[in-house]
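Okay, structure first, notes after.
The values are calculated or read from the model by the stated rules, or taken from the named source; none is laboratory data. Since the structure is predicted, the reported quantities are computational estimates derived from the model, not experimental observations. With ideal geometry, Cβ positions are generated from the backbone for all residues, glycine too; neighbour counts draw on all protein chains shown.
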Amino acid sequence: MTRRRLRWGPDEKRTAVLGVVALASVASFVVAEVGHVWRRGSAPLPSETDNILGAAEEAVAETVEVARVGYQDVSVRENATFLLLTSFVTIFISARTISFALRRRRTVGPFRDLKVGRRHIHHFVPGILLLILSGGTAILNRDENLEPKLAVFFGAGVGMTLDESALLLQLEDVYWTREGLLGVQIALGTAATFAALALARRFTRRGEQLVLEGER
């Protein structure tokens, strides 16, 4: 049995570029933040110790504590916004990647094409359901502490629905064509990535004020 060779077209390449940009941005942010805390925190600098690995582990642990404290200290609305943006970007990239892989194989881990009879169920269907359920719950519920959790599901719903926005607009399967509005989707995904990183930076700066200055 011969496998059909999968070719990378312009849409697939742009999707891959979005994934690389997102991963590179997150990795750069993490490395920069660890270096910033390392310089300001209690961990000895590489020039001050022979055990560089141990000092690096201490700096990473201190960075995690800074992020945790900063996240807990800011407002619930900021937490919810950060989780919504992060969930949206994660699900959008994941949906594109899994859909691309399913063109070559029947299953990707637990994921597969879902059919009811002869009708293919697109992932914008659970996406819209998530939007309705999480959005409706947020409107009807007065518990602010529930908002960050609902934001995760709302962001996931936005990611799955926006990923197939072309299909919804054209009322036909144009998912992998140039009509797929991929440029707009990638622009939104990139903007959401940098917005999430900007909020994460705000969390860590607040955490530094509470943790590092508190130690001093």
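Structure notes:
- On inspection, Leu167 fails the criterion of being modelled with pLDDT under 85, surrounded by 13 or more Cβ atoms within 10 Å (Cβ to Cβ), farther than 30 Å from Arg103 by Cα and not charged (D, E, K, R).
- The single residue among Val125, Val60 that is more than 19 Å from the chain's Cα centre (by Cα) and farther than 25 Å from Val211 by Cα turns out to be Val125.
- Considering residues of region 37-54 that are among the small types (Gly, Ala, Ser) and either within 21 Å of the chain's Cα centre (by Cα) or crowded, with 18+ Cβ neighbours inside 10 Å (or both) only, the residue nearest to Ala198 (Cα to Cα): Gly41
- Residue count for region 67-112, restricted to those that are exposed (fewer than 14 other Cβ atoms within 10 Å of the Cβ) and without any contact (Cβ under 8 Å) to a residue 60 or more places away in the chain: 8
- The test for being part of a helix (DSSP H, G or I), crowded, with 16+ Cβ neighbours inside 10 Å and modelled with pLDDT under 80 does not hold for Leu150.
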